[in-house]
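Below is one structure, written out as C-alpha cells; the observations come after it.
The values are calculated or read from the model by the stated rules, or taken from the named source; none is laboratory data. As the structure is a computational prediction, the values presented were derived from the model and not from experiment. Counting neighbours? That spans all protein chains shown, and the Cβs are built from the backbone with ideal geometry, glycine included.
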Amino acid sequence: MLYVNHVTKKYGKTIAVNDVTFGLEPGSLTVLLGPNGAGKSTIIKSIIGFLKYDGEITVNEIPNKTSEARKILGYIPELPSLYPTLTVIEHMEFIARAYKMTNYKDRIEMLLQRFELADKKKKFGDELSKGMQQKLNLCIGLLPDPDILLMDEPLLGLDPHAIKELKNYIEEMRQAGKTLLISTHIIDSVDMLWDKTIIMQNGEVRANVSRSEIEGQGKTLEELFFEVTEGLEPSSVRATAEEEAQANDAASDADSKGEPEK
Ligand code: ADP
C-alpha cells in the first residue's frame, strides 16, 4: 500500500502541491486527472523520491526514499531521457544491470517485441523517432517489473498499436496485483479498466472516488471532471456534449449535401 500523507511542495513562491493526501491499494489502477499545471507530475516525482517536500510518503509502511522502497517503486517519466551514445539494447541491458536483474534477456526481448522495437536494437538513442524514443522510455520503465508503477502521461506520443499494447499491458499488470497510477490531462484516453480516480486542480485533490461510486451516481468521468474543476452540474455537461454532437451532425449533414451524388 502506498500512502501520500499531507504532502506540500513549493517551488519558490509557487505552491505546486498543497496538502495532498491519498492512498493506493495493491491490484488497483488509479487515474490521476487534472488540467495542465494541476500538480500531477509534482506529486508523482515526490512519490518516486526525486523532490524534497513537506509531509510523508510511505510504501508498505517504509519511507519512500529508502533503498527498500526504491526497489518496489517504478516510474515512467513523461519525457524520455535517453543516452545518445547507447543503442536500444544497451539501454535495456544497462537498466537490467542497474536493477541487478538476472535472466533478463527474455524479458527484454518480450518488451521490445510488444512495443515494436525488436528490429531497432542496434539503433542509437538519437537515431530513434520521437515515438520510438517514447516506446523505449516505456520499455525501460517496465523492465524491472516493480510492484508499484507510476506513469506520467504514458500515452502521449504513442502510435495506435503502442497505445493498444500499453493498455493491454497495464491490464495484465493490474490482474497480476500491481499498484498502478497513471496521470493524464486527456480524459478520453482513459477507457481502460481503472478502479479509482483522483482529480487534482491548483495543487489540491478535488476528488478521490472509486469507479463504482461514480457509476453509482450515474455520472461519466467527464461529467465528474467538469463538475469538480469548473463547478458544472452533470446535466449541463451532458447538455453541452449533446449540443456539440448536434452541431457535429449538422456540420456533417451540410458537408454531405455539398458532395456530388455517387
Ligand atoms: P501537471 O503535471 O499537473 O501539469 P506540474 O506538477 O508539472 O503540473 O506543475 C504544478 C505547478 O508547479 C505549476 O504551476 C508549474 O508551473 C509549477 N512547477 C512545476 N515544476 C516546476 C519547477 N521545476 N520550477 C518551478 N515551478 C514548477
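For residue 180, the stated conditions hold: it is under 17 Å from the mean Cα position of the chain (by Cα), modelled with pLDDT of 95 or more and either over 25 Å from residue 60 (Cα atoms) or buried (at least 17 other Cβ atoms within 10 Å of the Cβ) (or both). Restricting 51, 82 to residues that are farther than 27 Å from residue 204 by Cβ, in a loop (DSSP other than H, G, I, E, B), in contact with a helix residue (DSSP H, G or I) (Cβ under 6 Å, 6 or more places away or on another chain) and assigned by TED's automatic domain parsing to the domain that holds residue 150 narrows the list to 82. Restricted to helices (runs of 4 or more DSSP H) entirely inside region 127-228, those with at least 3 residues that are among the hydrophobic types (A, V, I, L, M, F, W, C) are 130-142, 160-175. Checking each residue in region 20-46 for being farther than 21 Å from residue 210 by Cα and touching a Gly at 6+ places or on another chain (Cβ under 9 Å) picks out 37, 42, 46.
Per the conditions (1) within 10 Å of the ligand (Cβ to nearest atom); (2) part of a helix (DSSP H, G or I), the sole criterion not satisfied by residue 16 is (2).
Kindly establish whether residue 227 is assigned by TED's automatic domain parsing to the domain that holds residue 167, surrounded by 15 or more Cβ atoms within 10 Å (Cβ to Cβ) and either modelled with pLDDT of 80 or more or more than 16 Å from the ligand (Cβ to nearest atom) (or both). It is true that residue 227 is assigned by TED's automatic domain parsing to the domain that holds residue 167, surrounded by 15 or more Cβ atoms within 10 Å (Cβ to Cβ) and either modelled with pLDDT of 80 or more or more than 16 Å from the ligand (Cβ to nearest atom) (or both). If you go through region 19-40 and keep only what is within 15 Å of the ligand (Cβ to nearest atom), crowded, with 19+ Cβ neighbours inside 10 Å and not β-branched (Val, Ile, Thr), you end up with 32, 33, 34, 38, 39, 40. Of all residues in region 62-113, exactly one satisfies the criterion of being of a type in the set (Phe, Trp, Tyr), crowded, with 16+ Cβ neighbours inside 10 Å and touching a Gly at 6+ places or on another chain (Cβ under 9 Å), namely 75. Counting only residues that are within 16 Å of the ligand (Cβ to nearest atom) and of a type in the set (A, V, I, L, M, F, W, C), which one in region 41-61 is surrounded by the most Cβ atoms within 10 Å (Cβ to Cβ)? Checking each candidate, the answer is 43.
For (1) modelled with pLDDT under 95; (2) closer than 27 Å to residue 141 by Cβ; (3) not basic (Lys, Arg), each residue gets a yes or a no:
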| residue | (1), (2), (3) |
| --- | --- |
| 193 | yes, yes, yes |
| 201 | no, yes, yes |
| 205 | no, yes, yes |
| 208 | no, yes, yes |
| 214 | yes, no, yes |
| 218 | yes, no, yes |
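Looking across region 159-177, the residues that are within 20 Å of residue 108 (Cβ to Cβ) and either over 16 Å from the mean Cα position of the chain (by Cα) or surrounded by 21 or more Cβ atoms within 10 Å (Cβ to Cβ) (or both) come down to 161, 162, 166, 170, 176.
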